[in-house]
Amino acid sequence: MIEPHLQDGTASSQADDATRILYCRCAYAQVVPAAVKDAVLEGLAAAGRGFEMVPDLCEMAARRDPHLAELARGDRPLTIVACWPRAVQGLFVLADAPLPKHGVEILNMRTDTAETVLAGVLADSFKGTAS
């Protein structure tokens, strides 16, 4: 099981309706530029928000990790920081855990800058909503 990555215990102080943040490190395919991954990870940690970091969503989907189903059926909005939204959606389908049509936002570190990704994830997480 992948352990959540929490900063300064902020996850326990979040409101129940706060957006969950899932950050994919893309450890195996390495299709996301390292500089972007590192800058986003540093920005999330510096923001003091709780977030979960997983080594690789592709690998988790290939294993049909049950944690993906837990994320997909969650009762709070979810922001996924990874790569192509269509690919991420497909990974959850592959794992028999399709994402809901509403309440999930996927931010693309493969094509967007770290600043754009951080602005999107932090703005949405503080509002407690995702698109």
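The values are calculated or read from the model by the stated rules, or taken from the named source; none is laboratory data. It should be emphasised that the depicted structure is a prediction, and the values quoted were computed from it without experimental measurement. Quick reminder, even Gly has a Cβ in these numbers, built from the backbone with ideal geometry, and neighbours come from all protein chains shown.
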**Message:** Every residue in the stretch 22-36 that is in a helix (DSSP H, G or I), more than 18 Å from residue 105 (Cβ to Cβ) and either in contact (Cβ under 8 Å) with a residue 12 or more places away in the chain or of a type in the set (Asp, Glu) (or both), please.
**Reply:** 35
**Message:** Condition first: polar (S, T, N, Q) and modelled with pLDDT of 90 or more. Can you find one or more residues in the stretch 12-21 that meet it?
**Reply:** yes
**Item:** Residues of the stretch 16-42 that turn out to be in contact with a helix residue (DSSP H, G or I) (Cβ under 7 Å, 6 or more places away or on another chain) and either charged (D, E, K, R) or surrounded by fewer than 18 Cβ atoms within 10 Å (Cβ to Cβ) (or both), as a count
**Value:** 4
**Request:** Go through 45, 69 for me and flag whichever is farther than 23 Å from residue 123 by Cα, among the small types (Gly, Ala, Ser) and either part of a helix (DSSP H, G or I) or without any contact (Cβ under 8 Å) to a residue 60 or more places away in the chain (or both).
**Result:** 69
**Prompt:** Can you name the residue in the stretch 85-131 that is in contact with a Lys or Arg (Cβ under 8 Å, 6 or more places away or on another chain), of a type in the set (A, V, I, L, M) and not in a loop (DSSP other than H, G, I, E, B) and is also modelled with the highest pLDDT among such residues?
**Reply:** 94
